[in-house]
Every structure is written in structure tokens, then in C-alpha cells.
Amino acid sequence: MTLYSRVIGAFRPQKRLNRSFTVSLMLFGLLLAFGSFMVLPLIYTVNNAFKPLDELFIFPPRFLVRNPTLENFTDLVVIMGNSWVPFTRYVANTLLITLVGTAGHILLASAAAYPLAKFKFPGSNMLFRIVVLSLMFSPHVTAIPNYLVMSQLGWINTQAAIIVPSLAFSLGLFLMKQFMEQIPDALIEAAKIDGANEYRVFWQIVMPNVKPAWLTLMILQFPALWGTDGGSFIYSENLKTLHYALSQVIQGGIARAGVGAAVALLLMTVPILLFIISQSSVIQTMATSGMKE
Amino acid sequence: MVQIHNTAEPALHGLAGGPVKVSRRAQLWKDIKKSKHYYFMMSPYMIIFFLFTVIPVVVSFGLSFFYFNMLETPRFVGWENYSRLLLGDDVFMIALKNTFLFAVITGPLSYIACFLFAWLINELSPFVRALMTLVFYAPSISGNVFFIWLIVFSGDSYGYLNGFLMKIGVLLEPIQWLQNEKYILAIVIIVQLWLSLGTSFLAFIAGLQTVDQTLFEAGAMDGIRNRWQELWFITLPSMRPQLMFGAVMQITASFAVAEVSIALAGFPSVNYAGHTVVTHLMDYGTLRFEMGYASAIATILFGIMLGTNMMTQKLLRKVGE
């Protein structure tokens, strides 16, 4: 399909009841206006990262870049190369937290969701209800006792303080359980009759069937960990994350504006790319996200 | 949920004997033993979940009746933290007022926006739909790049808004947007709205795609005349489960405003103009180390979030009736 026909398809006549043309036009105008409000700051971030210094401080400020340059990125490498913790260290720390946290979360949440989705046993309803209830408050509520637990475990100033709690993020279990309920019971029974035990059924039958849900948990967990600054738990410079490095760069003041824009672009690109790749799976999972009354 | 173990399993294991009378406790114990693999599979998640989510809520509630500064042993003070908070803490009142303002404005607005945009996007062709979904969803996952709004609202003439307004001649002098109490709240609300089309937006898009199309034909037969009736009597009731889920996500987010306020207006903000319950909690929890007091704040926040959720869910049940 050509791009032209794709765009025209956007305004294809409705098969159902028709809106008047004016109302349609107004609604799509609204969509366009708010769409640009959403996307302009992001486009601006992209442009900023490629602006040479004189364009960053031009008055009146200019939105789009005229003479794109990679200077900001090379500066970033130079500045970070001179600091006593190399930039690659921040990247490695962030990658460790993000990869372990995301993979672990998908595995643990799936293992917990499978029995809840498919079987009834003492306590199953209550456990799921607690998980749903915990969707209703933000992590800020538990921040203080969390800190106390961390310090009791001796996890302050380790990556574990960020990784371990994120493994049991309640939204992930909720979505995974809702998605797993769709798997036909016959499939599980057949596997059992063929002699597979619970763990094998989970690993070889259920897990391959919930790939869209894996991707969804990934797209929810990844940006959260990728953007974490971990400031309240991690104090050693060589354990800090990319987001922390970014705030350091920005605090460096006006001369660092270009470098800051470069880091911002790096931070924002990865989650957006991931979403583009996994979009259809995410929507598929979200279709099962509903809550019963 | 299908109860497999009641039908298939006993047959498999040859346990489907006649109606043997067993005491309820023995039956429970038998069920637990039979499900031991399930408990085992859930245990890693549940241990972490209880350790860092459930127990902290309980501990927080308990701590709210103590004076605790992390150095001395906690001292029981009864309702003192609450009475001090509700009667003697002027800053908390500002925080509470701001939080409610945020919640009352961003909560419903973002919820309606999530639905409205999902609804409009749903009628586009697949390619444009995917593109628009990305456009609306991208801000909420692009990490913490909301600091780019700092550049827009920057107080000097390099700030975007100032630069623009000065160029078209509305302003002669730049305005210190983020240092002026008059504007802080509004700016935080705008940025919060920009960030708020997240999980529930996706849930609504997905929900709309699963609405049974034959219902619309049936509806037309039954005398539904316009798009608004279609929306109210068919579309909304069909996706009520997603609406419930979306409400929970939006309410929780709109009461927890803190990061955006801190990033834009500073901590504490000028005259506490951007102060919220969560920033008040951080103030006592991480700066003053009055853990008991901070726990009382957390408990009140928890209560507010829970109460609002329950109320909203009751309201949502009336949709399409």
C-alpha cells in the first residue's frame, strides 16, 4: 500500500452511522492539535541534540536545527571521558538494572500468574485481590518502610535495592494473569495427560503462548528502570545510573546544554524504539486488561 | 476461571471416589497439599511482593502511631501524628489542597483524554492508527525527559514561551514562570497531562478494538439514531472492564504527582505552590527523618487513593444504564 492510500484510508467512509462532515472535521482537527502538543517536545529534543552551540542560544529560540552537527555527542564522550567514572560505567549500570529487572520480572510474574489464572486453590482469590488492591496506590506510600527493609537486608547502596522490588511490580502480574486466562484449558489438560508436570506445562505450553504479554510487561518495566535514578538507595558514584549522569550533566550549567540534549535523546530513544517494535503485541495484551466489577 | 482440579485432576489421579465425609479443615489441608506446586511457583513473586509492597503498607500504618527518627527506638504517641498533621500543619493543608486540585483537574481530564483520543484513533486506518498511538503514548514512556519543559518555561528570554510571547509583542519582559506562585500549579498540571496518556490509553485502544461489531448493527435496528447514543449505549458498556482498569491507573497517578513538580518547580517550590502530599511525605521522610509523621502522611494518602477508587468504580457501573 502506498503512503498516499494509507493516509486517504484514514478518512474512509464509516460503514456505520455517519457523523456529519463538520463534526468529523472538528474531531480530527482536535486530534491533530493535541497530537502536535504531544509530539512537539519530543521533536524538539531530537533537534536540540543536533544543534551547534550558537543555535542553542539564539534569540528568539529556534525550533528546528539549521546546521545539524554531532558535536554534542562527541562532547559527551569527551566530558564523560574526563570524569572519574567513565560514561560507559553509567550505561553498564543502567543496562544491568534494566535487563535483570525486566527479564526477572517477566519470569516471576508469569510463574505467579499461571496458577492464579488457571487454577483455584486455597488463598488464590485473596492473593489476586491484594494484587489488584495494590494497583490502587502509588509506591510513594511504601517508600519509608521499604527503606527500612532495605537497610535491614543490607541492600542499601547495591543494585539489588532497585532490581529486587521491581521484580514484583503488581501491574505486571495483573496483566499477565488476565492474558493467561485466555489460554484454552484443553491445551493444559492435554499436556498433563501426555505426562507433563506443572512446571513443564508452564514452561513449554503456557509461556510460548503468552509472548505478547511478555512484550507488554517489557514495555512497561523497561522504561521505568531505564529512567530510574536510584538516588535514594545508591550512593556510590560507580554504581549510579544513566539518568543520574544526565542530571549531573544538566547541573553543569549552560555550557552543557548541548550535551544534556544529547543524553536526553539517548534516554528517550530506547524505550520509544522498543514500543514501536512491540506495539501490536502490547495492544493485544491490553485487550485483556479489564477489571471485573 | 475454570476449576481444572475439580474435574480433570481427581480423575487423573484416581481420587474421584464416592462422597467421603471429611472435615473442612482436613479438606483444606488436602487442597493445600495438592496445590503445593502452585504455591511453589508463586513463591518468588509473592515473597518479594509481600516484602516490598504489602508489609510496608501495614508497617507504615503501624508506624504512623509512633514517633520514630531512625535513631531512637520508636515511641508510641497514639493519634498525635494525625492530629498534628490535620490540625497543626499549615503546609500539609497547602499540600492537600494542591493534590486535590491536581487530582480533580488532571484525573478526569486525562481519563477523558485517554478515552477520547483512543476513540478517535480507533477509526483511522491501521497504519495511521499505529502512528497516532505512538505519538500519544511516547511522552509517557520517554523516560524522564519532561525536563525539556524547563526549557519551554525557562525564566529568561531564551525560554521558549518567553521568547515566543516577546516576539509577538505580548510581553516586554520575560516572566519567571517557575518562580511565580501564580503559574506553578498550572504548569505542573499541563506537563502532568502531557505525560498522562499511558497504560490506560493503551487499554482503551485495545478495548475499542474488541467491541463486538454486530452490536452496532443490532443497535441500529433497536433505534439508536446517532453516534452519541451509540457511544453511550454500546461502546462504553462493552468496554467497561477496561474503563475500570483505566480509572484505577489514572486516579493513582493523579494523586501521586511529585516528580514533575520537583523537576519543574524545585523542592520545596516557591511558597509551596507546587507542594503535594507526596512531596510533603518526602520532606518528612527523607529530609527531616520524622518517620512516624511521614507514615501518617502516607496512610492518609493511601486512604484517599483507595476511597477515590472505590467511589469511581461505583460511578462507572452506571455507565450506559
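Tabulated data for the structure shown
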item	result
At least 24 Å along the helix axis (C-alpha) and Kyte average at least 0.0, DSSP helices within chain A	A:21-49, A:87-118, A:257-286
Residue of B:ILE151, B:ILE300, B:ILE168 that the Gaussian network model of chain B assigns the largest fluctuation, springs spanning Cα pairs under 10 Å	B:ILE168
Rounded FRET efficiency, nearest 0.05, which uses the C-beta distance separating A:LEU70 from B:LYS36 and R0 of 56 Å	0.40
Computed accessible area, B:GLU72, all protein chains, 1.4 angstrom probe, square angstrom	110
Relative contact order, percent, chain B [alpha-carbon distance under 8 Å, six or more residues apart]	26
Computed lengthening from B:THR73 to B:LEU116, 0.36 nm per intervening residue step minus Cα-Cα distance	10.2 nm
Under 5 Å, built H, 5+ apart or other chain: amide partners of B:TYR67	B:ARG75, B:PHE76, B:VAL77
Among B:ILE234, B:HIS37, B:THR276 the positive-end extreme of the charge dipole of chain B (Cβ point charges)	B:HIS37
Of A:PHE50, B:SER254, A:ASN125, farthest towards positive along the dipole that unit charges on Lys, Arg, Asp, Glu beta carbons give the protein assembly as shown	A:ASN125
Heavy-atom accessible area per residue - the protein assembly as shown, 1.4 Å, Å²	46
Charge-dipole axis of the protein assembly as shown as Lys and Arg at +1 and Asp and Glu at -1 on Cβ define it, positive-most pick from A:PRO271, B:GLN176, B:MET311	B:MET311
Set of aspartates and glutamates with alpha-carbon distance to A:LYS192 below 12 Å, sequence-local pairs under 8 removed	B:GLU9
Protein-only accessible surface order, largest first, of A:HIS140, B:HIS280, B:HIS37 at 1.4 Å	B:HIS37, A:HIS140, B:HIS280
Residue with peak Gaussian network fluctuation, chain A [Cα springs, cutoff 10 Å], from A:PHE119, A:PHE21, A:PHE37	A:PHE21
Most fluctuating residue given options A:VAL91, A:VAL131, A:VAL23, as computed from a GNM of chain A linking Cα atoms under 10 Å	A:VAL23
Exposure rule at most 12 other beta-carbon atoms within 10 Å, DSSP loop trypsin sites (Lys or Arg not before Pro): chain A longest free segment	A:67-291
Cα→Cβ-extended label distance, 7 Å offset, between A:ALA196 and B:ASP212, nm	3.1
Length released on extending from B:VAL22 to B:PHE267, taking residue separation times 0.36 nm less the Cα-Cα span	81.9 nm
Mean separation of Cα contacts under 8 Å (6+ apart) over length of chain A, as relative contact order %	26
18 Å Cα-Cα reach of B:LYS30 towards lysines, excluding residues that sit fewer than 8 places from it in its own chain	A:LYS120, B:LYS21
Cross-link pairs beyond the 23 Å C-alpha cut-off, checked among A:LYS292/B:LYS318; A:LYS292/B:LYS33; A:LYS51/B:LYS182	A:LYS292/B:LYS33; A:LYS51/B:LYS182
Estimated distance in nm for a label pair at B:PHE164 and A:ASN125, the labels positioned 7 Å out from Cα along Cα-to-Cβ	5.4
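The values are calculated or read from the model by the stated rules, or taken from the named source; none is laboratory data. In this text, all values refer to a predicted model and were calculated from it rather than measured experimentally. Here the Cβ is made from the backbone with ideal geometry for all residues, glycine too, and neighbour counts use every protein chain on show. Surface accessibility is based on the protein's heavy atoms, side chains included, excluding ligands, DNA and RNA. Shrake-Rupley method; radii C 1.70, N 1.55, O 1.52, S 1.80 Å.
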